1. With label points built 7 Å along Cα→Cβ from the Cα atoms of Leu66 and Arg12, find their separation and express it in nm.
2. Could you tell me the distance between the Cα centroids of the range 274-288 and the range 13-65, to the nearest Å?
3. Once the convex hull of the alpha carbons of the range 128-212 is built, what does its volume come to per residue, in cubic angstrom?
4. Report the normalised scattering of the range 247-401 as log10 I(q)/I(0) at q = 0.10, 0.15, 0.19 Å⁻¹, calculated by the Debye formula with identical scatterers on the alpha carbons.
5. Through the Karplus equation 6.51 cos²θ - 1.76 cosθ + 1.60, θ set to phi - 60°, convert the phi angles of the range 176-187 into ³J(HN,Hα) values in whole Hz; use x for Gly and Pro.
6. In whole Å, what are the Cα extents of the range 86-134 along the three principal axes, biggest one first?
7. Using only the Cα atoms of the range 167-324, what semi-axes does the equivalent ellipsoid have when each is the square root of 5 times a gyration tensor eigenvalue? Give whole Å, largest first.
8. Given the C-alpha atoms of the chain, compute the convex hull and give its volume per residue in Å³.
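Taken together, the values in this text are just the output of simple stated rules run on the coordinates, not laboratory data. This one's a predicted model, so the numbers in the text were calculated from it and none came from an experiment. Please note: Cβ atoms are built from the backbone with ideal geometry, for glycine as well, and neighbour counts cover all protein chains shown.
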Amino acid sequence: MALLPVAKALERLLDGAEPAGTETVGLGEASGRVLAAPLHALRTQPPFDASAMDGYAVRVADIASLPARLKVIGEAPAGKQFTGTVAQGETVRIFTGAPVPLGSDTVVIQENVNDLGNGEIEVLEPAVLGRNIRARGLDFKQGDLILDAGRVLDPAALSLIAAANHPEMAVVRAPLVAIIATGDELLPPGSNPGPDQIIASNAYGVGAIAQSVGAHVLDLGIAPDRTEAISALVTKALDAEADVIVTLGGASVGDHDLVHGVLTGLGMDLDFWKIAMRPGKPLMFGRLGDTRCIGLPGNPVASLICAHIFLKPLLAKLGGRPYSPDIRTGVLDTAMAANDLRQDFVRAIARETPDGLIVTPYTIQDSSMLRTLADANCALMREPFAPAAESGSACRVMMLR
Ligand SMILES: Nc1nc2c(c(=O)[nH]1)N[C@H]1C(S)=C(S)[C@@H](COP(=O)(O)OP(=O)(O)OC[C@H]3O[C@@H](n4cnc5c(N)ncnc54)[C@H](O)[C@@H]3O)O[C@H]1N2
Ligand code: MOO
């Protein structure tokens, strides 16, 4: 049977994925979340004509000829407006952020003023009408659209929302991904493995990839290679209402690869299993009710590369978050042999140079080798049946970090 191309597999996996509902969060918890609905200002900012400087509120006509002597009739600190009116020959001591008193139309900074110490000042420098005054509504007016739905809430957005007087807001519910490792040989990090055991590592990298697009991760630990054990953890994931269940390992064709049987036994509709990708050929995808099930291959590099290519865009879409992989054009500095039927993701180093992005693939590409994955900063992408490529030829890479 022909293997499903990567692009087709991704299309099928993303089909119908949409934001998983909304929830209300307070400003303190909103960083990095995705706004679910447009936000309008609940107030005008600044709500009054405000001084932008510490100095004196004056009538510009009074300082037409300099030096101009003015009588100080009061003070306006921020938060305490001066309630009188500035008449001809008068001024009010004013501070940054304070409402500009009635009658005045210009603020002169204190550096340009001589305090005569007798309740009078002398303005020494000219100023144009309206100088150092922020007009009411300069930033936004009540009812203005301040942020669109879909905005990822970055620092500036959060301060803007606060200034517009929203203590909380509707955000897209973060998708929940449950991760289940499978395999008798696996023990958690920090264990004392027997001679035939290894440390389970995939969940950490896969979980981090999920979190990088705002998903919540429920790590359900390790199920031994027994149908009931895997089934129990899948049931836990369903009880937790996971949007996506990711299994790690047990996806291939070995006698101990039980994941497919367990998931179909629980009612999963298999969409695809095995794709034209290296690493990652045994990738499995299906739907169990509303829950998407992704069976990642056990080999660590296959698990993580598949998570980058399939899980990340899926979770981004479920979270209403814009995402596209960082794909760049580079120049190979090594000859590559012709490719076979699987789209290849070759661990490589890409270096920015004056001659462009120079790409050096690692010689050994065994999909168990995490060290080369951690050293690499990109995956060199080679299409199925790509012909041999000479050193110096153009290539495409997906940046991994
Ligand atoms: N006859 C065939 N054998 C295999 C094929 C095939 O097409 N025909 N595909 C190979 C490919 S490609 C891969 S990838 C692996 C994937 O198999 P599974 O998904 O069933 O994974 P396992 O057999 O359970 O494990 C493979 C390997 O990875 C280690 N592993 C598993 N889980 C973890 C984990 N959470 N953390 C760290 N390492 C893990 C496991 O110990 C194995 O060494 O199948 C090939 N075989
Ligand atoms: O997914 Mo496998 O890693 O192609 O060896």
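1. Distance between the two pseudo-spin positions: 7.8 nm.
2. 45
3. Values: hull volume 14.3 nm³, N = 85.
In the range 128-212, the Cα hull volume divided by residue count equals 168 Å³.
4. Debye curve over Cα of the range 247-401, log10 I(q)/I(0) at q = 0.10, 0.15, 0.19 Å⁻¹: -0.40, -0.83, -1.18.
5. Going residue by residue, I get 9, 10, 9, 10, 10, 8, 10, x, 5, 7, 9, 10 Hz, with x marking Gly and Pro.
6. 28, 19, 19
7. On the way: eigenvalues 120, 59, 51 Å².
Values for the range 167-324, descending: 25, 17, 16 Å.
8. Details: hull volume 82.5 nm³, N = 401.
Enclosed volume per residue, from the Cα hull, is 206 Å³.
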